[in-house]
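Here's the structure, in structure tokens; my notes come after.
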Amino acid sequence: MSETFDVTVVGSGPNGLAAAVTSARAGLRVRLLEAAATIGGGVRTAELTLPGFRHDVCSAVHPAALASPFFREFGLPDRVNWVIPDVSYAHPLDGGRAALAWRDLDRTADQLGRDGGAWKRMFEPLLRRLDGVVDFTGSQLLRWPDDPIAAFQYGARSLGLGSRLLWNTRLKTEEARALFSGVAAHAAGQTPSLSSSGAGLLLATHAHAGGWGFPIGGSQAIADVLLQDFLTHGGVVETGQTIRTLRELPASKVTLLDTSVKLLLTGNLPAGYARALRRYRYGSGVAKVDFALAGPVPWANPDVAHAPTVHLGGTRDEIAAAENLVHRGGVPERPYVLVTQPSVLDPTRAPKGRHVLWAYTHVPAGSSLDATELITAQVERYAPGFRDLVLATASSSARQQAAYNRSNVGGDIYGGAVSLWQLVKRPVVSTKPWRTPLKGIYLCSAATPPGPAVHGMNGWFAARLALKEHFGIEV
């Protein structure tokens, strides 16, 4: 690594790739370092179980990708072949019941019966001001939003849905409450809370707007098209390069870190900044299981088969109890499980007639639990006969998730706990939180605004700031 570069990017997840592409397109000499043998970070696809079964190693479905300003400017919607399902997500309940979030808001409301009007009133104003909602949620919060009305509408709804006193007042039926609780539980935190309700509200808004799309062939397609653009603009990639301390960084004018804040703590930081980073908190871990199946999942409610994304865990109260137990350090017998079944709409993911299933559940940070049986039992609860279809499994505990990717501290795939305070302080309270006190070093991972998800915005913001401050380049 003796060659001199203008910019070094550490980590090739979506944010690292966004930072690398942005810098290379500005005409700079850019080097991208990745510890693994392949690039992609959270958007890798591999044959984890059996030959011909293509599983997403980390993220699988990308609600934020199609709405991301960075990806729109990059042209991702046109450069990757997408599946945009008619049903964004489903939530089965006992007794063969299920609630479905159709991309068509009216169809969803019609299905929800007496809660249909309340569901439409929640989302119609946000859909009308979607760009304002994306702007407000897609950057750091210490600024005046471009669309204050959209920000107020989004914030007021998040507050009402996240209040323990109010969370059951807007929606009355078990189906509607479960439909929202399942999407809010993506945030992997205490339930109810403002952060989980805000995350759920944003994800559900995307579900009724551009939809919950995913690339044909797997998430690796996102990394591949970004990498190709980077190489086309003269970028250099070096895999197998693990950076454990800042002292190991090669010399360059600017360094962008798509890593956890722990790497920054190996540097000579000002005392106040170091204290702020040490107070930064990580959330629950994730235990993941991939399944190779002999056929489609035999859902008790056949409508669930139309949804590539399925939330399991029962009623709102059951999901809250399970998530809060994990938050306290326990493991529920009936956990919340996030499932994707991409092969129902993408036949390239498995041999003809076969299917893949991707599933994870939240567990205490650092847990070594193999969640295969817990997840299998929850799927079987809503799809009797599922066990008989399993050809092979690949399990990854929270501890293994952390070993696979050093940014997933304790198995936290979100780069840090998703709480209201840590959405403001991510990782420090600043109007430019991507900049660090160390000259030329910027943080661009999910530990910076706007937080987790495959949208590339963290890397885009950090790179644009660095280019302006060190090279006088406005992009």
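The values are calculated or read from the model by the stated rules, or taken from the named source; none is laboratory data. Small disclaimer: the values here were computed from a predicted structure and weren't measured. Because the Cβ atoms are built from the backbone with ideal geometry, glycine has one as well, and the counts that use them run over all protein chains shown.
Kindly indicate whether Leu249 is closer than 30 Å to Lys439 by Cα, in contact with a strand residue (DSSP E or B) (Cβ under 7 Å, 6 or more places away or on another chain), outside the structural domain of Val310 (by TED's automatic domain parsing) and among the aliphatic types (A, V, I, L, M). Show your work before the answer.
Values: closer than 30 Å to Lys439 by Cα: yes; in contact with a strand residue (DSSP E or B) (Cβ under 7 Å, 6 or more places away or on another chain): yes; outside the structural domain of Val310 (by TED's automatic domain parsing): yes; among the aliphatic types (A, V, I, L, M): yes.
Against the criterion (closer than 30 Å to Lys439 by Cα, in contact with a strand residue (DSSP E or B) (Cβ under 7 Å, 6 or more places away or on another chain), outside the structural domain of Val310 (by TED's automatic domain parsing) and among the aliphatic types (A, V, I, L, M)), Leu249 qualifies.
Looking only at residues in the stretch 228-247 that are in a helix (DSSP H, G or I) and in contact with a Ser or Thr (Cβ under 8 Å, 6 or more places away or on another chain), which one is surrounded by the fewest Cβ atoms within 10 Å (Cβ to Cβ)?
Narrowing the stretch 228-247 to residues in a helix (DSSP H, G or I): 228-232, 246-247.
Remaining after also requiring in contact with a Ser or Thr (Cβ under 8 Å, 6 or more places away or on another chain): 246-247.
Values: Leu246: 19, Arg247: 9.
That would be Arg247.
What single numbered condition from (1) farther than 29 Å from Gly411 by Cβ; (2) assigned to a loop (DSSP other than H, G, I, E, B) fails to hold for Ala67?
(1)
Do you know which of the residues in the stretch 325-350 that are in a helix (DSSP H, G or I) and not aliphatic (A, V, I, L, M) is surrounded by the fewest Cβ atoms within 10 Å (Cβ to Cβ)?
Filtering the stretch 325-350 down to residues in a helix (DSSP H, G or I) leaves 325-327, 342-344, 347-349.
Add one more test, that the residue is not aliphatic (A, V, I, L, M), and what stays is 327, 342-343, 347-349.
On the way: His327: 18, Pro342: 29, Ser343: 22, Pro347: 14, Thr348: 12, Arg349: 24.
Among those residues, the one meeting the criterion is Thr348.
Mind listing whichever residues of the stretch 180-217 are more than 23 Å from Val83 (Cα to Cα), modelled with pLDDT of 95 or more and touching a Phe, Trp or Tyr at 6+ places or on another chain (Cβ under 6 Å)?
Once the filter is applied, which keeps residues that are more than 23 Å from Val83 (Cα to Cα), modelled with pLDDT of 95 or more and touching a Phe, Trp or Tyr at 6+ places or on another chain (Cβ under 6 Å), the stretch 180-217 yields only Ala185.
Only one residue in Val475, Val379 is in contact with a Lys or Arg (Cβ under 7 Å, 6 or more places away or on another chain) and more than 24 Å from Gly42 (Cα to Cα), so which one is that? Walk me through how you get there before you give the answer.
On the way: Val379 fails: in contact with a Lys or Arg (Cβ under 7 Å, 6 or more places away or on another chain).
Unique residue meeting the criteria: Val475.
Looking only at residues in the stretch 440-475 that are hydrophobic (A, V, I, L, M, F, W, C) and assigned to a strand (DSSP E or B), which one is farthest from the chain's Cα centre (by Cα)? Explain how you work it out, then say what you get.
First, the residues of the stretch 440-475 that are hydrophobic (A, V, I, L, M, F, W, C): 441, 443-444, 446-447, 453-454, 457, 460-463, 465-467, 471, 473, 475.
The next check asks that each one be assigned to a strand (DSSP E or B); those that pass are 441, 443.
Numbers: Ile441: 25, Leu443: 18 Å.
Filtering the stretch 440-475 for residues that are hydrophobic (A, V, I, L, M, F, W, C) and assigned to a strand (DSSP E or B), the one farthest from the chain's Cα centre (by Cα) comes out as Ile441.
Sort out which residues of the stretch 62-84 are at pLDDT 95 or above, closer than 22 Å to Asp303 by Cα and surrounded by 24 or more Cβ atoms within 10 Å (Cβ to Cβ), and write them in order of number.
His62
Since Pro51 meets every condition but one in (1) touching a strand residue (DSSP E or B) at 6+ places or on another chain (Cβ under 8 Å); (2) assigned to a loop (DSSP other than H, G, I, E, B), which condition does it not meet?
Pro51 satisfies all of (1) touching a strand residue (DSSP E or B) at 6+ places or on another chain (Cβ under 8 Å); (2) assigned to a loop (DSSP other than H, G, I, E, B) except (1).
Please indicate, with yes or no, whether at least one residue in the stretch 111-124 is surrounded by fewer than 18 Cβ atoms within 10 Å (Cβ to Cβ), of a type in the set (Lys, Arg) and part of a helix (DSSP H, G or I). Show your work before the answer.
Filtering the stretch 111-124 down to residues surrounded by fewer than 18 Cβ atoms within 10 Å (Cβ to Cβ) leaves 113-114, 117-118, 121, 124.
Still in the list and also of a type in the set (Lys, Arg): 114, 121.
After this cut, where a residue has to be part of a helix (DSSP H, G or I) as well, the list is 114, 121.
Yes, that holds for at least one residue.
Scan the stretch 173-182 and give yes if some residue there is over 23 Å from the mean Cα position of the chain (by Cα), part of a helix (DSSP H, G or I), surrounded by fewer than 17 Cβ atoms within 10 Å (Cβ to Cβ) and assigned by TED's automatic domain parsing to the domain that holds Pro332, otherwise no.
Of the residues in the stretch 173-182, the ones over 23 Å from the mean Cα position of the chain (by Cα) are 173-176.
From what is left, the residues that are part of a helix (DSSP H, G or I) are 174-176.
This time we only want the ones that are surrounded by fewer than 17 Cβ atoms within 10 Å (Cβ to Cβ), so: none.
Among the residues of the stretch 173-182, not one is over 23 Å from the mean Cα position of the chain (by Cα), part of a helix (DSSP H, G or I), surrounded by fewer than 17 Cβ atoms within 10 Å (Cβ to Cβ) and assigned by TED's automatic domain parsing to the domain that holds Pro332, which makes the answer no.
Among the listed residues Leu420, Leu467, Leu443, identify the single one that is assigned by TED's automatic domain parsing to the domain that holds Lys253, touching a Ser or Thr at 6+ places or on another chain (Cβ under 9 Å), among the aliphatic types (A, V, I, L, M) and surrounded by fewer than 20 Cβ atoms within 10 Å (Cβ to Cβ). Don't jump to the end; show me each part of the working.
On the way: Leu467 fails: surrounded by fewer than 20 Cβ atoms within 10 Å (Cβ to Cβ); Leu443 fails: surrounded by fewer than 20 Cβ atoms within 10 Å (Cβ to Cβ).
That would be Leu420, the only listed residue that is assigned by TED's automatic domain parsing to the domain that holds Lys253, touching a Ser or Thr at 6+ places or on another chain (Cβ under 9 Å), among the aliphatic types (A, V, I, L, M) and surrounded by fewer than 20 Cβ atoms within 10 Å (Cβ to Cβ).
Scanning the stretch 126-161 for residues that are hydrophobic (A, V, I, L, M, F, W, C) and in a loop (DSSP other than H, G, I, E, B), which turns out surrounded by the fewest Cβ atoms within 10 Å (Cβ to Cβ)? First the steps, then the outcome.
From the stretch 126-161, those hydrophobic (A, V, I, L, M, F, W, C) are 126-127, 130, 133-134, 136, 141-142, 144, 149-152, 156, 159, 161; that's our starting set.
Retained after the next criterion (residues that are in a loop (DSSP other than H, G, I, E, B)): 141-142, 144.
On the way: Leu141: 16, Leu142: 13, Trp144: 6.
The selected residue is Trp144.
Take the residues of the stretch 126-155 that are aliphatic (A, V, I, L, M) and at pLDDT 95 or above: which is nearest to His455 (Cα to Cα)? If you could, list the steps in order and put the result at the bottom.
Initially, the stretch 126-155 is screened for residues aliphatic (A, V, I, L, M), giving 126-127, 130, 133-134, 141-142, 149-151.
So of that shortlist, the ones also at pLDDT 95 or above come out as 126-127, 130, 133-134, 149-151.
On the way: Leu126: 19, Leu127: 19, Leu130: 16, Val133: 15, Val134: 11, Ile149: 24, Ala150: 20, Ala151: 19 Å.
Checking each candidate, the answer is Val134.
Here is a list: Val225, Val261, Val237, Val297. Which entry is hydrophobic (A, V, I, L, M, F, W, C), within 25 Å of the chain's Cα centre (by Cα) and either under 25 Å from Leu423 (Cα atoms) or at pLDDT below 95 (or both)? Can you show your working first?
Numbers: Val225 fails: either under 25 Å from Leu423 (Cα atoms) or at pLDDT below 95 (or both); Val237 fails: either under 25 Å from Leu423 (Cα atoms) or at pLDDT below 95 (or both); Val297 fails: either under 25 Å from Leu423 (Cα atoms) or at pLDDT below 95 (or both).
Only one candidate qualifies: Val261.
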